[in-house]
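Reviewing the structure listed below.
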Amino acid sequence: MNLRSLLLPSIAWIVLAGSAHAAPQINGKQLSVGAADVQQYLDGSFPRTQKALGGLLALTVSQPRLTLPQGSRLDLGFNLAMAAGGSSMPVGDVQISSGLRYDAQTQGFHLDQPTVDGFRPSAGGGELDSSTRSLLNSWLADYARREPIYRIDPAIAKVMGVLQVKSVGIQNGRIAVDFNQNLGNFVPQGLLGN
């Protein structure tokens, strides 16, 4: 029994049940995912809270806003709130940029070397204080290491697991991953998208 005969029933099921979200597009050696699908995944993954000092402080990151400019880095904005002693207060909006990587173990796209590029405080004036910035950087590093910004459907990821990733980037408002082989060799052409 070959890989294709195992995958075809799974992929057909995905296409039939795919009304929940659009399928990734496959074109030759490339698989791509649209910004709207990534945003929908992010919306379902937030808010997130990072605790520090044994739970005395907590940073809540919410309302992700994704932009996929052409190039190798995405832009992502978040709302921040800080809680201490049971009361929470808004801190402001943070803007980050990040490269991308595909992780076969999580079957998803992850942030890669995210950087804080901008901050707009909730109250006029001010900047991120050192403890908030430290907590935010700690959260970003942990999130980038463990959590995908988008997870590929497991049946599709199985196909990707036997291939070698050549590059991950952004093309025409989509996250795109290029492989070492034509995906048409594994997935019937036109089954998942254009």
Rg and Dmax [Cα atoms of segment 57-133; Å; Rg one decimal, Dmax integer]: 14.4, 43
Could you order K158, K29 by accessible surface area, starting with the largest, using a probe radius of 1.4 Å? K158, K29
With every protein chain in place, what's the accessible area of L31 (1.4 Å probe, Å², nearest 10)? 0
What is the gain in length, in nm to one decimal, between Q105 and R145 on full extension, counting 0.36 nm per residue of separation less the C-alpha to C-alpha distance? 13.2 nm
Centre separation in Å (Cα based) which lies between segment 31-95 and segment 115-172: 9
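The values are calculated or read from the model by the stated rules, or taken from the named source; none is laboratory data. What you see is a predicted model; the values in this text were computed from it and never measured. The protein model used for the area step is the full one, side chains on, heavy atoms only, and it has no ligands, DNA or RNA in it. Shrake-Rupley method; radii C 1.70, N 1.55, O 1.52, S 1.80 Å.
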